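Read the structure below first, then the notes.
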């Protein structure tokens, strides 16, 4: 998960996107019609009822992971597990599903969007995460922690990256020791957009997703490698 030049290479665990809209009433047959229309281009193989909504999903494989979309009364949730999909493919899948649903249900505006991206990154220098977080990320040296009378380890840190201009996402970043492997960092970014977007401008969401993906797979690893 790092190259000879020391650049960190994140390994994606999963990505999820929530599209929040005004509450709607949709019957199960409409969801089945959506499934029949998008199963080909999107690769969904299973349909199931979930509460008052429905879920479409692919069969999970080690190579491609799993993909699913869940419809609820006030939101559509897309989930991708594994590293087999990027923002471009996810955006196309989202457009297919939203376009199909909009033929049957009036959803004029997406009120808000959130994107959650979870990755694993090897600790820079192949160090131990708890020590690296304390010494490098938080810069807690022995002298500054001497009054505590014992060594200091850090389990993680959380940062908020506020939007700087209209249309940008606010990011909540979490960097923690991965308990399954002390030499790995668990990194999670939760991006949220609060500006409503009309459905006829839905293609603009691709730009938002690409921007959030760049932060996670390029900018955050670069920042961590320089600490």
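Where a number appears in this text, it was derived from the coordinates with a stated rule and is not lab data. Keep in mind it's a predicted model, so treat the numbers as computed, not measured. Don't worry about glycine lacking a Cβ; one is built from the backbone with ideal geometry, like all the others, and counts go over all protein chains shown.
Some observations on this one:
- Stokes-Einstein translational diffusion, region 101-227 - Kirkwood Rh over all Cα pairs, 1.002 mPa s, 20 °C, in µm²/s: 128
- Spread of Cα-to-Cα distances over 5 Å intervals beginning at zero, given as percent, for region 58-124: 3, 12, 23, 24, 16, 11, 6, 3, 1, 1, 0
- To the nearest ten degrees, helix 87-102 and the longest principal axis of the Cα atoms of the chain are 30 degrees apart.
- The value given for region 23-106 is a Kirkwood hydrodynamic radius of 12.9 Å, derived from the mean inverse Cα-Cα separation.
- For region 88-143, the equivalent ellipsoid derived from the Cα gyration tensor has semi-axes of 46, 14, 6 Å, listed largest first.
- Summarised as an ellipsoid, region 67-175 has semi-axes of 42, 17, 12 Å, derived from the eigenvalues of the Cα gyration tensor scaled by 5 and square-rooted, with the largest first.
- Cα long-axis angle, helix 28-42 against the chain (0 to 90 degrees, to the nearest 10): 60
- Between residue 145 and residue 92, the simple label model (points 7 Å from Cα in the Cβ direction) yields a spacing of 4.9 nm.
- Look at the alpha carbon pairs under 8 Å that are at least 6 residues apart: their mean separation over the length of region 49-91 gives a relative contact order of 31 percent.
- Listed values (i) 28; (ii) 32; (iii) 39 include one computed from this model; for percent of Cα pairs over 31 Å apart that value carries the label (ii).
- Once C-alpha pairs closer than 8 Å and six or more residues apart are averaged by separation and normalised to the residue number of region 23-106, the relative contact order reads 27 percent.
- Gain on full extension, evaluated as 0.36 nm per residue between residue 183 and residue 138 minus their Cα-Cα distance, stands at 14.5 nm.
- Distance from region 193-227 to region 92-135 (C-alpha centre basis), Å: 9
- For the chain, the relative contact order works out to 23 percent when only alpha carbon pairs closer than 8 Å and six or more residues apart are counted.
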